[in-house]
Amino acid sequence: MAATAQVGLIGLGVMGENLALNIERNGCTIAVFNRHTDKVDAFTNGAAKGKNVIGCHDEKSFCEALQRPRKIILLVKAGQPVDDTVAKLKPYLQEGDIIIDGGNSHFNDTRKREAALKKEGINFIGSGVSGGEEGALWGPSLMPGGDKKAYEAIAPIWEKVAAKVNGEPCVTYLGPDGAGHFVKMVHNGIEYGDMQMLAECYDIMRRGLSLDMSKTADIFDKWNQGVLNSFLVEITAKVLTVIDDETKTPLVDLILDKAGQKGTGKWTTEAASELGVPIPTIDAAWAARLMSGLKEERVKASRVLMGPKPGKSDVNQEQFLKALESAFYCGRICSYAQGMAIIAAGSKEYNWGTNMAEVAKIWRGGCIIRSKTLESIMQAFSADPNLPNLMMHESMAKVLSDSQDAWRQVVAFAQSQGIPVPALSASLAYYDSYRSERLPQNLTQAQRDLFGAHTYERMDKPQAGAIHTEWEKLAKVKTESK
């Protein structure tokens, strides 16, 4: 087979098919392969019929169809399938060829694969791809990491197929080895936070204010016209308008309240913990999905565990809805702040040199967390690349300070009504903790030193270093343990 394709793609799920069509539409001949070859035939005889798409039925013919250096995109399930696919390709690859993993692989797996393949002269790029099915077809946000020269070889293709904002492609080189997949992982963690807070706002409107679904949808649509403009707010308004044909009721009301997950939220919380970065909003969002999975237990608990006595709320609905909008905006800023803090810590730990302003820039279009807020975040990190926390930028600090009363009102209202708002309240606690000059962990350190001799430091004697006290001998209060 003549080597006529500029790029190849393996994995013809919906994302793979759409990305292949996007690449072909942007002027590249593309070779495609899938382990179930009937999908190759269905694609080339269907959506790709008459296009510059070469269908291949085995790894050998697939590699032979590609121009050197070969550029091969993998859109297969994360984990072992990636390793299996690479192993099957290797006999037909040559030095300088490039494999691009576009799936949601763990960044540490990407680091290991990149290091191992580099020894064999093969380049490995881990590239986050965000935007869902539509994004893959019309322009995703792309987050590549790996060897810089290898990225420069695929950059012309990646820049053509990426989403555009003000004519600028939503793609940038993020750093060596696993940087791209790390950023994509954090992107998904922020996504968890945003989605959870939207669900909490929805719950407050429906349970707390007794709004009907149409009114609730209108409020989200109104939010999307202002500072909260974003893909997730937009689709929230849309899904609430859908009526089930059979029951003539809102379809959302018929959906089982158990949220799924594919692991990236968990990975974000694990990475943050390892790096020592607090991310309470994202942690709460992940935990909320876990809690939703306890459906049978929750049904039983609802008949045993009591909440506040039901009563009509006396809040001014119009004013409260404005406060709710402000609370969500504050929560979103906190979620972004936590995400950017993880990326900064990861970049420092692994020597990636990730540009924080560029991260915000490529998230402005194509991806699931694209929002108007990201323009301000990009400007904040452009003005101060070493900004310790997004909340510290003047524009963000003003929003949070000016909106804190409304934010507190919303959290207090939800708690008084027995409506769980784990992400909104975690965001508020994050804000209050970060702005506190003194936290009560001095007591925690004293306790640790008493039962484990873990030592502590004195504020008034920093030069003294680690100190241990015989607390039991010095304590004046006598207690008995049974």
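The values are calculated or read from the model by the stated rules, or taken from the named source; none is laboratory data. All figures in this text were calculated on a predicted structure; none of them were measured in a lab. No Cβ is skipped: glycine too gets one built from the backbone with ideal geometry, and neighbour counts run over all protein chains shown. SASA here: full protein model, heavy atoms, side chains in, ligands and nucleic acids out. Shrake-Rupley method; radii C 1.70, N 1.55, O 1.52, S 1.80 Å.
Mind counting the residues in region 75-112 that are closer than 22 Å to Val171 by Cβ, in a helix (DSSP H, G or I) and open to solvent by less than 20 Å² (accessible area, probe 1.4 Å)?
Residues flagged as closer than 22 Å to Val171 by Cβ, in a helix (DSSP H, G or I) and open to solvent by less than 20 Å² (accessible area, probe 1.4 Å) within region 75-112 amount to 3.
Can you name every residue in region 272-282 that is open to solvent by 60 Å² or more (accessible area, probe 1.4 Å) and either touching a Cys at 6+ places or on another chain (Cβ under 7 Å) or in contact (Cβ under 8 Å) with a residue 12 or more places away in the chain (or both)?
At the first step, the residues of region 272-282 found to be open to solvent by 60 Å² or more (accessible area, probe 1.4 Å) are 273-274, 276, 278.
Gly276, Pro278 - these are the residues of region 272-282 that are open to solvent by 60 Å² or more (accessible area, probe 1.4 Å) and either touching a Cys at 6+ places or on another chain (Cβ under 7 Å) or in contact (Cβ under 8 Å) with a residue 12 or more places away in the chain (or both).
Which one of these is of a type outside the set (D, E, K, R) and part of a helix (DSSP H, G or I): Trp407, Trp352? It would help to see each step written out before you state the result.
Details: Trp352 fails: part of a helix (DSSP H, G or I).
Just one listed residue meets the conditions, Trp407.
Within region 345-385, restricting attention to residues that are hydrophobic (A, V, I, L, M, F, W, C), more than 15 Å from the chain's Cα centre (by Cα) and open to solvent by 20 Å² or more (accessible area, probe 1.4 Å), which residue is nearest to Glu270 (Cα to Cα)?
Across region 345-385, the extreme among qualifying residues is Ala345.
Within region 324-337, is there a residue that is among the basic types (Lys, Arg) and open to solvent by 80 Å² or more (accessible area, probe 1.4 Å)?
So in region 324-337, the residues among the basic types (Lys, Arg) come out as 332.
When the remaining residues are screened for being open to solvent by 80 Å² or more (accessible area, probe 1.4 Å), the result is none.
No, there is no match, as no residue in region 324-337 is among the basic types (Lys, Arg) and open to solvent by 80 Å² or more (accessible area, probe 1.4 Å).
Just for region 1-59: of the residues that are more than 21 Å from Leu142 (Cβ to Cβ) and hydroxyl-bearing (Ser, Thr, Tyr), which one is modelled with the lowest pLDDT?
Thr4
Would you check if there is a residue in region 416-427 being over 15 Å from Leu324 (Cβ atoms), open to solvent by 70 Å² or more (accessible area, probe 1.4 Å) and in a helix (DSSP H, G or I)? Working first, answer last.
First, the residues of region 416-427 that are over 15 Å from Leu324 (Cβ atoms): 418, 420, 422, 426.
When the remaining residues are screened for being open to solvent by 70 Å² or more (accessible area, probe 1.4 Å), the result is 420.
Retained after the next criterion (residues that are in a helix (DSSP H, G or I)): none.
Checked against the condition, which is being over 15 Å from Leu324 (Cβ atoms), open to solvent by 70 Å² or more (accessible area, probe 1.4 Å) and in a helix (DSSP H, G or I), region 416-427 yields no hits at all.
Report, ordered by the first and then the second residue, all pairs with beta carbons closer than 9 Å, sequence separation of six or more or different chains, a first member in region 343-357 that is under 15 Å from His187 (Cβ atoms) and free of Cβ contacts under 8 Å to residues at least 24 places away in the same chain, and a second member that is open to solvent by 50 Å² or more (accessible area, probe 1.4 Å) and not charged (D, E, K, R).
If the second residue must be open to solvent by 50 Å² or more (accessible area, probe 1.4 Å) and not charged (D, E, K, R), the pairs left are Ala344/Asn386; Ala344/Pro388.
Out of Met378, Met356, Met340, report the one residue that is touching a Lys or Arg at 6+ places or on another chain (Cβ under 6 Å) and aliphatic (A, V, I, L, M). First the steps, then the outcome.
Working: Met356 fails: touching a Lys or Arg at 6+ places or on another chain (Cβ under 6 Å); Met340 fails: touching a Lys or Arg at 6+ places or on another chain (Cβ under 6 Å).
Answer to the selection: Met378.
What single numbered condition from (1) farther than 18 Å from Lys372 by Cβ; (2) without any contact (Cβ under 8 Å) to a residue 24 or more places away in the chain; (3) of a type outside the set (A, V, I, L, M, F, W, C) fails to hold for Glu234?
Failing condition for Glu234: (1).
Given the criterion closer than 22 Å to Val14 by Cβ, out of contact with any Cys (no Cβ under 8 Å at 6 or more places or on another chain) and touching a residue at least 24 places away in the same chain (Cβ under 8 Å), identify the matching residue among Ile122, Ile100.
Details: Ile122 fails: closer than 22 Å to Val14 by Cβ.
Being closer than 22 Å to Val14 by Cβ, out of contact with any Cys (no Cβ under 8 Å at 6 or more places or on another chain) and touching a residue at least 24 places away in the same chain (Cβ under 8 Å) holds for just one of Ile122, Ile100, which is Ile100.
Out of region 430-447, which residues are in contact (Cβ under 8 Å) with a residue 60 or more places away in the chain and either surrounded by fewer than 16 Cβ atoms within 10 Å (Cβ to Cβ) or within 19 Å of Leu374 (Cβ to Cβ) (or both)?
Here is the first cut: in region 430-447, the ones in contact (Cβ under 8 Å) with a residue 60 or more places away in the chain are 430-431, 433.
Listed by number, the list holds a single entry, Ser433.
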